[in-house]
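Student: I have a structure here, written as structure tokens, and I will follow up with some questions on it.
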Amino acid sequence: GDLMITGKKLPVLNEKIKIKKALNIISKKKLGVLIVEKKNGNTCGIITDGDLKRIAQKFTNFEELELKKVMKKNPVTINQDALAASALSIMNSKKITSLCVHKGKKIKKTIGLIHMHNILRSNIN
């Protein structure tokens, strides 16, 4: 239901897109995270606004870098049938605020994103 961000709201970008454009989209989508995918639609990475801030401090011409050079590879993903409680415990143990969601055995196909805020807001114990 409400917990998962899907469809058009999902912040998915191709790995070859430059940071300049990614910054634009990350502020529009207001989720603080982007899912990076290959041309075939498979998820290959994830990048948070915190990552982008660190990159901005590290590189002078960071806006021209492609996402695949700076993304975190192999983002943590969870099956869509998993309960919110298990999503939360994964996030806590990995110290991350969002999880990619996949269906069945298709781990590389992200169908949604679960954000820590959404879970906390829905008061799941």
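Student: Convert each backbone phi in the range 95-103 into a coupling constant with the Karplus relation 6.51 cos²θ - 1.76 cosθ + 1.60 (shift: θ = phi - 60°), then list the ³J(HN,Hα) values in order as whole Hz, x for Gly and Pro.
Tutor: Result, ordered by residue: 6, 10, 10, 8, 10, 6, 10, 10, 10 Hz.
Student: Using only Cα atoms, what Kirkwood radius does the chain have, in angstroms? The partial results should precede the final answer.
Tutor: Working: mean 1/r = 0.0677 Å⁻¹.
Every distinct Cα pair counted, the radius reaches 14.8 Å.
Student: In the Gaussian network model of the chain, springs joining C-alpha atoms below 10 Å, which of Thr60, Thr97, Thr110 carries the largest mean-square fluctuation?
Tutor: Thr60
Student: Quick check: from the Cα gyration tensor, does the range 38-81 come out rounded (a/c under 1.5), prolate or oblate?
Tutor: oblate
Student: Report, ordered by chain and residue number, the lysines lying within cross-link reach of Lys73, taken as a straight Cα distance under 18 Å and ignoring same-chain residues fewer than 8 apart.
Tutor: Lys16, Lys18, Lys38, Lys39, Lys53, Lys94, Lys95, Lys106, Lys108, Lys109
Student: At 1.4 Å probe size, what's the solvent-accessible area of Lys21? Round to the nearest 10 Å².
Tutor: Rounded to the nearest 10, that gives 110 Å².
Student: Return the single residue from Lys20, Lys109, Lys68 with maximal mean-square fluctuation; model: Gaussian network over the chain, springs between Cα atoms under 10 Å.
Tutor: In the Gaussian network model the winner is Lys20.
Student: Still on this model: If each of Lys108 and Lys95 carries a label point 7 Å out from its Cα toward its Cβ, how far apart are those two points in nm?
Tutor: With each label placed 7 Å out from Cα toward Cβ, I get 3.0 nm.
Student: Please list, in chain and number order, the residues 5+ apart from Asn14 or on another chain whose amide H is under 5 Å from its amide H, with Hs placed from the backbone.
Tutor: Correct list: Glu37.
The values are calculated or read from the model by the stated rules, or taken from the named source; none is laboratory data. These numbers were taken from a predicted model, which means no experiment stands behind them. Neighbour counts are summed over all protein chains in view; Cβ atoms, including those assigned to glycine, are modelled from backbone coordinates with ideal geometry. We work out accessible area using only protein heavy atoms, side chains counted, and drop any ligands, DNA or RNA first. Shrake-Rupley method; radii C 1.70, N 1.55, O 1.52, S 1.80 Å.
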